[in-house]
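Chemist: Have a look at the structure that comes next, please.
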Amino acid sequence: MPSRFSRPLSPLSGVLTRREALATLGGALLPLTWPWASMPKSAAPQSPRIKFELQSVDFRVETDESLETPHAPAAMLGGVAVFDYNKDGRPDIFFTNGANIATLRKDSPKYSNRLFRNDGNGNFTDVTKQAGLAGTGYDNGVAVGDYDNDGYLDLFVAGVHGRTLYHNNGDGTFTDVTKKAGLDGWNDPEYGPLWSVAAAWVDINNDGLLDLFVLNYLQWNYANEHLCGFENRYDYCTPNFYKASPSQLYLNKGDGTFEDVSEACGIRQHLGKGMGIGVADYDLDGRQDLFITNDVYYNYLFHNTGSKFEEVALEKGVGLVEDGSFVSGMGVDFRDVNNDGYPDIVTVALDHQTFPIWRNQAGKTFDEITGLSGMRELSHSMGGFGPGLFDFDNDGWKDLFVSRGHVEARPKPGMAIEQYNTVFRNLGPTGKWQALTEEAGLTAAPPARHRGCAFGDFDGDGRIDVVTTALLAPAEIWMNRSQGSRHWLDVALKGKKSNRDGIGAVVKVVTKSGTQYNHMTTSVGYASSSHGPVHFGLGEEKHVDLIEIRWPSGIVQTLRNVNGDRVLTVEESQG
Ligand SMILES: [Ca+2]
Ligand SMILES: [Ca+2]
Ligand SMILES: [Ca+2]
Ligand SMILES: [Ca+2]
């Protein structure tokens, strides 16, 4: 373990939750609503509703599915990335895609991964060939991050028995540098070929270089597939039929190469069936922690101690849902939902399992509030893959978008295979959610087996738009057309001492209406990646009194009296 994997930082000061305050006063009674540290006055249930408008895009996920002999990977594809690859200020879209399931090779043009350049005015142009991003294998997930800090965003593509690191050359082209970087370790000497569903860029040791976490799913191979029947017809098996895999952690050496530190960091020992990676510093000690959802198994919470990761999910209350059962944990978003400064955890699962939510209790433990927040009832009949916490109506409270669909392929009694997407409006101080599907315009596309979702402001109007994928069905761009003249501020980070993307930076925004928190991460949704400025809805406030940025380097930067309704680029100060 390199010695530089250590940089103690003092916790954020001045953040005291209501629970902490109560604890200080010796109060044992806990509020039934969320412990709001601050309440933007603008939030109210009667505020403008969230509305999306469907825009088509010429892409569909090709899985090579055959229900005569279903093969597990064909149910799990669909990672998508939103990122500005050519630095023109407009976010572009990259779709991962499948291949021949038997050979895991892209033997037809229909299997090509695709890069769509955003040319403005709603035009997306397919530039896959020029960019060199067609790919070769059965690709599942994608992670965006500028690993060499040259200002151009690079791509890691995670696949079934294969993976690729693409270096962005800055001229619209990418180069496959996987081998040179030492990231071709998909064939594990102990566990065999790995099926990587997703990955996350995160600076684990705060040295200014993004490290890479690769999340692996089941041990699978084509020749020995399990067949599971239902009324004499086959469908996808549950994960219980497959063995777990180790995940991988690669330390960025700063010279274009990476070192596998999975074992030394305490990651490899925890075999899992990983589906989602949430990245946040949940205890505000300045070090990035990781939350992993595992499919029909315990979740993992990897606490970063500065020298390694300690798995603390059960002791922190997030290892299982509150009834103690395993659920099909899918994607995750690890963000502050109630604006108390502590990142909360939102995951999604299948029908009848609900979408679990854990409230971070001052960085010490988590309480599951799925029932308390109303989410249990709202999501009971839903299956989800990708959750994303963004303030879609810019009222100061992060809402939850979920790309929905069932993992199985054949309809069964009481089970919807193809589903609409849903957005859950955060009702602010009440701690409740409002589910919007048809009301939000999301029935404009037919129900589908939705998988990936990624987020960004495609048209620069300050409203966060969404792109979703679906198996063997058209991808969907959801342009945000929410009504009302709510104000907003996008904070685009430019790290100097910290990593160029500012991944891990915590941004606090204070207006007359209250205080909000968000942080920079690209690991959102299922198998997907969203790289953009840190977004804040400002409600009725046109101005921000204070912005405080806590960079991963430890530098704290403060800006005062900032006008809203724009993208504010902040370069890391000298400290
Ligand atoms: Ca780069
Ligand atoms: Ca931490
Ligand atoms: Ca909102
Ligand atoms: Ca927009």
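Chemist: Report yes if some residue within segment 522-542 is at pLDDT 95 or above and within 16 Å of ligand 2 (Cβ to nearest atom); otherwise report no.
Modeler: yes
Chemist: May I pose another question? Taking the residues in segment 282-300 that are of a type in the set (A, V, I, L, M, F, W, C) and without any contact (Cβ under 8 Å) to a residue 60 or more places away in the chain as candidates, determine which candidate is nearest to ligand 3 (Cβ to nearest atom).
Modeler: Quick first cut of segment 282-300, residues of a type in the set (A, V, I, L, M, F, W, C) only: 284, 290-292, 296.
From what's left, without any contact (Cβ under 8 Å) to a residue 60 or more places away in the chain: 291, 296.
Working: Phe291: 23, Val296: 32 Å.
Among those residues, the one meeting the criterion is Phe291.
Chemist: Let me ask another. Which residue is farthest from ligand 2 (Cβ to nearest atom), if the candidates are limited to segment 283-305 and must be modelled with pLDDT under 95, more than 23 Å from Ser373 (Cα to Cα) and part of a loop (DSSP other than H, G, I, E, B)?
Modeler: Step one: list which residues in segment 283-305 are modelled with pLDDT under 95, which gives 295-298.
Retained after the next criterion (residues that are more than 23 Å from Ser373 (Cα to Cα)): 295-297.
Then keep just the ones that are part of a loop (DSSP other than H, G, I, E, B); that gives 296-297.
Numbers: Val296: 28, Tyr297: 23 Å.
Only one residue fits best here, namely Val296.
Chemist: Let me ask something else about it. Restrict the check to segment 495-505 and report whether at least one residue is in contact with a strand residue (DSSP E or B) (Cβ under 8 Å, 6 or more places away or on another chain), assigned to a strand (DSSP E or B) and at pLDDT 95 or above.
Modeler: no
Chemist: Restricting to segment 527-563, name every residue that is part of a strand (DSSP E or B) and charged (D, E, K, R).
Modeler: To start, the set of residues in segment 527-563 that are part of a strand (DSSP E or B) comprises 529-530, 534-539, 543-550, 556-563.
Answer for segment 527-563, where residues must be part of a strand (DSSP E or B) and charged (D, E, K, R): Asp545, Glu548, Arg550, Arg560.
Chemist: Okay, next question. Search segment 165-212 for residues being over 25 Å from Glu310 (Cβ atoms), out of contact with any strand residue (DSSP E or B) (no Cβ under 8 Å at 6 or more places or on another chain) and of a type outside the set (Ser, Thr, Tyr), and hand back the single one that is surrounded by the fewest Cβ atoms within 10 Å (Cβ to Cβ).
Modeler: Pro189
Chemist: Looking at segment 506-526, which of its residues are polar (S, T, N, Q), assigned to a loop (DSSP other than H, G, I, E, B) and under 23 Å from the mean Cα position of the chain (by Cα)? Working first, answer last.
Modeler: First pass over segment 506-526, keeping only residues polar (S, T, N, Q): 511, 513, 515-516, 518, 521-523.
From what is left, the residues that are assigned to a loop (DSSP other than H, G, I, E, B) are 513, 521-522.
Those that are polar (S, T, N, Q), assigned to a loop (DSSP other than H, G, I, E, B) and under 23 Å from the mean Cα position of the chain (by Cα): Thr521, Thr522.
Chemist: Would a scan of segment 416-424 turn up a residue that is aromatic (Phe, Trp, Tyr), touching a Gly at 6+ places or on another chain (Cβ under 8 Å), more than 16 Å from ligand 4 (Cβ to nearest atom) and in contact (Cβ under 8 Å) with a residue 40 or more places away in the chain? Before you say what the answer is, go through the steps one by one.
Modeler: Going through segment 416-424, the residues aromatic (Phe, Trp, Tyr) turn out to be 420, 424.
Narrowing further to those that are touching a Gly at 6+ places or on another chain (Cβ under 8 Å): none.
No, segment 416-424 contains no residue that is aromatic (Phe, Trp, Tyr), touching a Gly at 6+ places or on another chain (Cβ under 8 Å), more than 16 Å from ligand 4 (Cβ to nearest atom) and in contact (Cβ under 8 Å) with a residue 40 or more places away in the chain.
Chemist: Hey, another quick one. For the subset of segment 83-116 comprising residues that are surrounded by fewer than 21 Cβ atoms within 10 Å (Cβ to Cβ) and closer than 18 Å to Asp465 by Cβ, which member is farthest from the chain's Cα centre (by Cα)?
Modeler: Across segment 83-116, the extreme among qualifying residues is Asp88.
Chemist: So, of the residues in segment 141-183 that are closer than 16 Å to Asp92 by Cα and in contact with a helix residue (DSSP H, G or I) (Cβ under 8 Å, 6 or more places away or on another chain), which turns out to be nearest to ligand 2 (Cβ to nearest atom)?
Modeler: Taking the candidates together, the pick is Phe174.
Chemist: If Arg449 meets every condition in (1) under 30 Å from Asp207 (Cβ atoms); (2) more than 16 Å from ligand 3 (Cβ to nearest atom) apart from one, which number is that one?
Modeler: Single failed check for Arg449: (1).
Chemist: Let me ask something else about it. When the residues of segment 381-400 are filtered to those that are part of a loop (DSSP other than H, G, I, E, B) and of a type in the set (Gly, Ala, Ser), which remaining residue is nearest to ligand 4 (Cβ to nearest atom)?
Modeler: Of all residues in segment 381-400, those part of a loop (DSSP other than H, G, I, E, B) come to 381-383, 391-398.
Imposing the further condition that a residue be of a type in the set (Gly, Ala, Ser) reduces the set to 381, 383, 396.
Values: Ser381: 30, Gly383: 27, Gly396: 18 Å.
Ranking the candidates gives Gly396 first.
Chemist: While we're looking at this one, here's another question. Given (1) at pLDDT 95 or above; (2) under 26 Å from Val144 (Cβ atoms), identify the lone condition not met by Met330.
Modeler: So the condition that Met330 fails would be (1).
Chemist: Kindly evaluate Ala473 against the criterion of being closer than 23 Å to Asp207 by Cβ and in contact (Cβ under 8 Å) with a residue 40 or more places away in the chain. Walk me through how you get there before you give the answer.
Modeler: Details: closer than 23 Å to Asp207 by Cβ: no; in contact (Cβ under 8 Å) with a residue 40 or more places away in the chain: yes.
No.
Chemist: Name the residue that is surrounded by the fewest Cβ atoms within 10 Å (Cβ to Cβ), counting only residues in segment 453-488 that are in a strand (DSSP E or B) and among the charged types (D, E, K, R).
Modeler: Looking only at segment 453-488, we keep the residues that are in a strand (DSSP E or B), and these are 453-456, 465-471, 473-480, 487-488.
If we keep only those that are among the charged types (D, E, K, R) too, we end up with 465, 476.
On the way: Asp465: 23, Glu476: 25.
Per the stated criteria, the residue is Asp465.
Chemist: When segment 140-176 is examined, which residues are found to be under 30 Å from Phe385 (Cα atoms) and either within 16 Å of ligand 3 (Cβ to nearest atom) or β-branched (Val, Ile, Thr) (or both)?
Modeler: To start, the set of residues in segment 140-176 that are under 30 Å from Phe385 (Cα atoms) comprises 140-147, 152-168, 174, 176.
Val142, Val144, Val157, Val160, Thr164 - these are the residues of segment 140-176 that are under 30 Å from Phe385 (Cα atoms) and either within 16 Å of ligand 3 (Cβ to nearest atom) or β-branched (Val, Ile, Thr) (or both).
Chemist: Still on this structure, please answer the following. Quick check on my filter: what residues within segment 371-406 are surrounded by fewer than 24 Cβ atoms within 10 Å (Cβ to Cβ) and away from ligand 3 (no atom under 16 Å from the Cβ)?
Modeler: Selection gives Gly371, Leu372, Arg376, Glu377, His380, Ser381.
Chemist: How many residues does segment 396-430 hold that are of a type in the set (Ser, Thr, Tyr) and out of contact with any Lys or Arg (no Cβ under 8 Å at 6 or more places or on another chain)?
Modeler: The qualifying residues number 1.
The values are calculated or read from the model by the stated rules, or taken from the named source; none is laboratory data. This one's a predicted model, so the numbers in the text were calculated from it and none came from an experiment. Note that we place each Cβ from the backbone using ideal geometry, even for glycine, and neighbour counts take in every protein chain shown.
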